[in-house]
There are 4 protein chains.
Amino acid sequence: MISKKFGIIGGDMRQYHLAKSLKKDGHKIQITGFENYKTATDFIVNHTISDISENSDYIILPLPISHDGINVISPFSEKKINLDLIKNFENKKIFGGSIPDKLNLKPSTNSKFYDFYREDLMILNAVPTAEGAVIEAFKNLDKTIGSSKCLVTGYGRIGKILCNLLKNMGAKVTATMRSSKDFAWTQTQNIKSTTFENSVAEYDVIFNTIPTIIFDYNYLKKISKSTIIIDLASKPGGIDRISAEKLGIKVIHALGLPGKYFPKTAGEIIKTVIYKIIEEENL
Amino acid sequence: MISKKFGIIGGDMRQYHLAKSLKKDGHKIQITGFENYKTATDFIVNHTISDISENSDYIILPLPISHDGINVISPFSEKKINLDLIKNFENKKIFGGSIPDKLNLKPSTNSKFYDFYREDLMILNAVPTAEGAVIEAFKNLDKTIGSSKCLVTGYGRIGKILCNLLKNMGAKVTATMRSSKDFAWTQTQNIKSTTFENSVAEYDVIFNTIPTIIFDYNYLKKISKSTIIIDLASKPGGIDRISAEKLGIKVIHALGLPGKYFPKTAGEIIKTVIYKIIEEENL
Amino acid sequence: MISKKFGIIGGDMRQYHLAKSLKKDGHKIQITGFENYKTATDFIVNHTISDISENSDYIILPLPISHDGINVISPFSEKKINLDLIKNFENKKIFGGSIPDKLNLKPSTNSKFYDFYREDLMILNAVPTAEGAVIEAFKNLDKTIGSSKCLVTGYGRIGKILCNLLKNMGAKVTATMRSSKDFAWTQTQNIKSTTFENSVAEYDVIFNTIPTIIFDYNYLKKISKSTIIIDLASKPGGIDRISAEKLGIKVIHALGLPGKYFPKTAGEIIKTVIYKIIEEENL
Amino acid sequence: MISKKFGIIGGDMRQYHLAKSLKKDGHKIQITGFENYKTATDFIVNHTISDISENSDYIILPLPISHDGINVISPFSEKKINLDLIKNFENKKIFGGSIPDKLNLKPSTNSKFYDFYREDLMILNAVPTAEGAVIEAFKNLDKTIGSSKCLVTGYGRIGKILCNLLKNMGAKVTATMRSSKDFAWTQTQNIKSTTFENSVAEYDVIFNTIPTIIFDYNYLKKISKSTIIIDLASKPGGIDRISAEKLGIKVIHALGLPGKYFPKTAGEIIKTVIYKIIEEENL
C-alpha cells in the first residue's frame, strides 16, 4: 500500500501500537489523546483534532469508540474528545470499532464510517483471548497446562481456538456444544465433546465462553472445589457468582484480554482488518 | 442404546462394515444385496427383502441410495432391488443417504425417511477424504509429504481438514479462499493463505476442492509441469482437463475416497450419524 | 503399589504436593518441617523426626536435600533439621535429590540412599520449565506467543521441549546447536536451526539454556533493544549481565521454574521417579 | 557453496535425484551406471569411469556402496562397476554409504573416503521411513490412520519420529521401550508408553522397529488376528514369521522405504549430509 495519512483519535495501548505499526509501514501518523502516555514520548507527538481533521485521509477511532455515547474513549488523556467533532469531519474515511447505529455523519461532509469490529477481527482476536485465558489459568493453577484437565464450554470462535491451544500445549480437553455439526467438528479435531448437561466431572480448569448463566447452583455444587472457573463471556458472564461464592468455587471474570495482555498484537489485528477494508472497499 | 433390529439393504463395503459394527454394538442385523461378497460369508447371511420388511425396526439404505432412481445401489448382488419395494414398508424408520426429494413413501405405511447425508456426516467424511487425498499424493510424488509444498484451493470442510492434516505431517501449506472470515481463520491456524488468482507458484501438489473449472488454460500454463493436481471436487471437478493434458500436467480425479480407501471408517461414520438421528428424533 | 509408610522430611511446596499425592494413592504419610505452612493445616500434621524414623519404610528428602551441607532445606519451618539425624536412620530407603557424594550413611544402619535427581526427572522437569519460560515471556511481552519470533539457544532437554511448546503455540522458532545430529533432529521437527554464531536476527524473545556466557558484548550489541532475554541456564547463566545492562537489553534470570510456578506438577514428577526407582530396585 | 565437480557412480533413483539436485545447485555433474534409466534421458548423459576420474573433485558412491563387496550397486546398468577401479582414483574425496572397513584406498592416491551413512543421515532418513510405514499401513488397513490404534515397538530414531507422525495424524499411539529415560521422553510428548511385555492389547497396526525376534509365538497368539504387523527392523526383523503365518497374522516386512517410496527426498538427504561433511571437514 502506498503511503497514506492516518489520524488516530483516542484509545488505549492497542491504538498506540496500531499507530506505531502504521508508521513502520511507511504511513504518516497524527495522533491525539495520548498526553499522559509517558513511555514512548519520542514517538507520540500529540496533535489537535483540527490538525488531524486537516491533514488525514483516514481517521481511526478506538474499539469500542465510546462508552458513554458522548466522548471517544481516551484513557491516556484528561481532555474529552466529543464525538460531535467527528461528525463534522469532511472527506474522511472514518474507521472505528462498534460504531453505534445512531451515530450519524452529516451527509454534506462526504465522510463515511467503516466499522472494523467485524467477523474477521473477532476471529483474529480469539487468538490473544485464548492466550490470555492461558495466562489466567497460569495465575491460578499450581500445575502445568500440559498436565491439566480442561473443560471449554461453548464451541464458537473462542472455544475452537482455545481448545486447540490447550490441546497443543498437552492438556486433556473436553468441549461442550449443542449442534451435531459442532460435535462432528470436534471429532475431526480429536477433541472430546459432550453436552453441557453431561459435562460434570473433575476438571482443573473450566473456561466458559457462553454469555448466559448456565453454571447455576445445581451445576456448581457437583464440581470439585479446587476447580478454577475462568469466565471469558461478556457480562454478566456464564456463572451464577453468588452460588459460586457460597460453594467456595473460584471464578475469574476475564474480559478484554487482547488489550490487557497483548496490546501490540491487538493493534496489529486492528491494522490487518483496516487494511482489508481499504482493499475490499477500494478506499 | 438398547438392542434394535436393523435391516441393511444394498450398498458397498461401507454398508458391510456398518452392519458389522452395528452387530458388535449388540443389535440384530439382517442384510440383503451381498450375495457376491465373498470374504466374510460367515457374517453375511443374505436375507430376503420380505424377511427384512417383517423383522426390522430400522431400515438402512446406502449413500447414495440409488444411481438411476429405480434400483438401490447393490454392487455385491446381481439381483435388482427396486426402490418401489421400499415404498411399501410399514412402520419403518428408513435411513438413507441423499434420498431424492421425489421419492415418497405411501402415507398409509406409517414409515418415514431419515437422510443421513447431512452436514455432520459431510464433516466427518472430510477426514477419510483428506487421508485419501494424502494416499493419492503418495502414489504420485517421489518425495515425502513432510518435505512438500502444497496448495489447497478452497477452504470448506475438506479444505480445512486437509490443510490441517498436511501441516501436521510437516508440509508447507498454502490455502486459497475468498472471504475475509476464512482469511482470518487460516491466520489463526498459522496456514498461509491467498486468493486463487494470486496462488500461482511452484507447488509439488495442488489439491482442488472447488467444483467449478477454475484451473483454466491461463492458470495451468503458469504452473510447473512437475506439479501434480489432485482434484477432490465432484464432477466436473475444477480443472480444464483438455488444457491440462495439452500442457502435460498430471491431474488425478479422486472421488469417493472414504468408500474407496477406508470403508470401515466410512461405515462407522454412517453409524455415528444414524445413532445421532435416533437420539435427536427420539426414534 | 500396595500401601507403604512414607516419611517426608523438609522441602517446599513440591514436597507438600508430593505428600498429598502419595496420600491420595493410599500410602501412610508422616511429615515434618511444615509448621509454618498455613493453607493446608487439615492435611499437614507435623510429626517429629523420631516419629518418622520409627514409623516409615521410605524417607523422602527434598531436591536439593541441602543448601549448606548441614541442614535439610525446610523453608516452612524455623527448626533446623540436621543432616546428621538422617545418618542414623535404620533400615530405611532414603530418597533425595542431588545427594552429596560425601554424605554417607553408617553401614551398620542397613539404610540406603536413592537419588531421584536423575535423567528421567530432568526430562520430566523440562515440561514445567518450558511452561514456566512461557510465563516469563508472557510477563514481559506485549504480543502473543503465537505471533512472536523466538530463539532458543541450546538443544538439550529444555531446548527440545521448549522449541516444541513454542511451535505448538504458533510461534516462529529458531534453535541453535552445534552437533550435526541435533541439526538433523530439528530438521525432522520442522524447526529452523542455526549455529549460535549465525543466530543474530530480530527476535521478540531469546530463551537461553546454555550455562556458559555466550551472550557477550559483541553478540548483544547486534540484537534489537526490544528483545527480551530469558535465561534458563543455571548460574552464572549464559548472558554477560553488565554488557546487557549497558546496552539496555532486558534479561530475566529464571531459575527453579517447576517449583516456583507448578509445585503440584513438580511434586507429581518426584513421585513418578520415586515409584520408578522402587519398581526398578524392587524396594 | 561455490560450483564443484561431482562424479556420481552407480546407485538407484536416490542417486539420480541427488545428481539432479546437485545440478540445480549449480554444480557440474558427471554420472555413470544409468544407461537403462529411461525417463530422464535428457538429463542423464552416461559418462565413463575414466571421464569421471579425470574431471571430478568429489566422487559419490551409493548407499550401500556394494552388496557383494566386488561391484558398486548399479541397478540401472548392465555393466559391472568394479570397486577396484575406485581404489586407483587420485586426489578425490570419495563419498559413499556404509563403506566396508576392509575397503582401502591406495595411500599413494591422496584420495580419501567419507562415509555419509552416519547418525544425522539415519535421523533424517527416519522421516521418509515413517511416511513409508504410513503408506504400508494405508495399503493394509480399511480404516483411517486418524481412527486407528497403533503400537510402535522400540523408541529409537524411527520409533520417535513414527510415533509423532501417527499422533499428528490423529492416531491413538502407544510406544514400547525399556529405559526410564525413554519413558520420561514419551511422557513429555503425551505418548502412551509401556514395556513390550505389557503391550498386548487390541491394535489395528503394530509397527516394529526392533531387530530381534521379540514377537514370538507366545506374544503373537495373544493379539487379534485382524492386527497388521509392519516390520521396519532390518533382517531378520522382529517377528517369528512361521508362528505369525500359523496364527494367520499378516506381517509386512518393509525395508528400504526411503528409496522405495521417496527417492527424491532420500537423494536430498544424502546431499544434505554430503554438504555437511564438506563444511565440517573443510573439503
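The numbers here are math on the coordinates, done by the rules we state, and not lab data. Note that the coordinates shown come from a computational prediction; the quantities given were computed from them, not determined experimentally. For neighbour counting, all protein chains shown are included, and Cβ atoms are generated from backbone atoms with ideal geometry for every residue, glycine included.
Computed values, structure above
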quantity	calculated
Positive-end extreme of charge dipole, chain B - chosen from B:Ile229, B:Ala19, B:Ile158 (charges on Cβ)	B:Ile229
Within the stretch A:143-172, backbone nitrogen closer than 16 Å to the virtual label 7 Å beyond the Cα of A:Lys222 toward Cβ	A:151-154
Efficiency of FRET between D:Thr212 and A:Ser98 - r from beta-carbon atoms, R0 56 angstrom, step 0.05	0.25
Leading residue at positive end of dipole, the stretch C:142-214 (Cβ point charges), from C:Thr209, C:Ile145, C:Asn168	C:Asn168
Cα-based convex hull, the stretch C:87-160, per residue volume (Å³, whole number)	126 Å³
Inter-site label distance for A:Lys79 and B:Lys112 at 7 Å from Cα along Cβ, in nm	6.8 nm
Taking chain A and dividing mean pair separation by its residue count, relative contact order in percent (alpha carbons under 8 Å, at least six apart)	16 percent
Cα gyration tensor, the protein assembly as shown - rounded (a/c under 1.5), prolate or oblate	rounded
Prolate/oblate/rounded call for the stretch B:121-259, Cα gyration tensor, a/c under 1.5 rounded	rounded
Ascending count of other beta-carbon atoms within 10 Å, so fewest first, for C:Arg178, A:Arg118	C:Arg178, A:Arg118
Shielding of D:276-282 by partner chains, average beta-carbon count, 10 Å	1
Exam field: A:Lys250 pseudo-label spacings to other copies (7 Å along Cα-Cβ), nanometres	2.5, 5.3, 5.8
A:Ile70-A:Val45 FRET efficiency (beta carbon distance; Förster radius 22 Å; 0.05 resolution)	0.25
For the axis carrying chain A to chain C: nearest C-beta residue of A, whole Å	A:Asn168, 2
Separation of alpha-carbon centers, the stretch C:226-253 and the stretch C:182-200, rounded to whole Å	22 Å
Rounded if a/c under 1.5, otherwise prolate or oblate - chain C, Cα gyration tensor axes	prolate
For the stretch D:5-116, size of Cβ-based charge dipole, Lys and Arg +1, Asp and Glu -1, in debye	200 debye
Order of A:Ile213, D:Ile2, A:Ile229, B:Ile242 under a 10 Å beta carbon neighbour criterion, fewest first	D:Ile2, B:Ile242, A:Ile213, A:Ile229
The stretch D:192-283: GluC sites (Glu not before Pro) falling in loop per DSSP and having at most 14 other Cβ within 10 Å	D:Glu202
Exposure proxy order (Cβ contacts within 10 Å, fewest to most) of C:Ser50, D:Ser193	C:Ser50, D:Ser193
Relative contact order for the stretch A:36-120, counting Cα pairs under 8 Å that sit 6 or more residues apart, in percent	27 percent
In nm, spacing of pseudo-spin labels at C:Lys139 and C:Glu35 (7 Å Cα→C-beta vector)	3.1 nm
Inter-copy separations for B:Lys181, label at 7 Å along Cα-Cβ, nm, ascending	0.9, 5.2, 5.2
Peptides ranked, highest mean first, by Cβ atoms within 10 Å: ranges D:24-30, A:105-111	D:24-30, A:105-111
Cα-based radius of gyration of the stretch D:5-116 once divided by 2.2 N^0.38 Å, which approximates compact folds	0.98
Cα-centre dipole for chain D with unit charges at Cβ (Lys and Arg positive, Asp and Glu negative), debye to 20	460 debye
Kyte-Doolittle mean at least 0.0, axial Cα span of 30 Å or more - DSSP H helices of chain C	C:119-140
Pair-distance profile P(r), taking every C-alpha pair of the stretch C:5-71, with 10 angstrom steps and integer %	21, 58, 20, 1
Nonlocal amide H pairs with C:His253, under 5 Å, H built at 1.01 Å	C:Asp231
For C:Ser98, residues with placed amide H under 5 Å, excluding near neighbours	C:Phe116, C:Tyr117
Pairs from B:Lys139/D:Lys20; C:Lys20/C:Lys79; C:Lys28/C:Lys102; A:Lys192/B:Lys160; A:Lys160/D:Lys167; C:Lys271/D:Lys221 whose Cα-Cα separation, in the structure shown, is over 26 Å	C:Lys28/C:Lys102; C:Lys271/D:Lys221
Shielding by partners, peptide D:261-272 (average Cβ within 10 angstrom, other chains)	4
Averaged over D:107-119, number of beta-carbon atoms from partner chains that fall within 10 Å	1
Per-residue HN-Hα couplings for the stretch A:233-239 [Karplus 6.51, -1.76, 1.60; θ = phi - 60°; Hz; x = Gly/Pro]	7, 4, 3, x, x, x, 10
Distances in nm from A:Pro236 to the matching label points in the other copies, shortest first (labels 7 Å along Cα to Cβ)	6.0, 6.1, 7.5
Sequence-distant aspartates and glutamates (8 or more away, or on other chains) whose Cα lies within less than 12 Å of C:Lys92	C:Glu54, C:Asp57
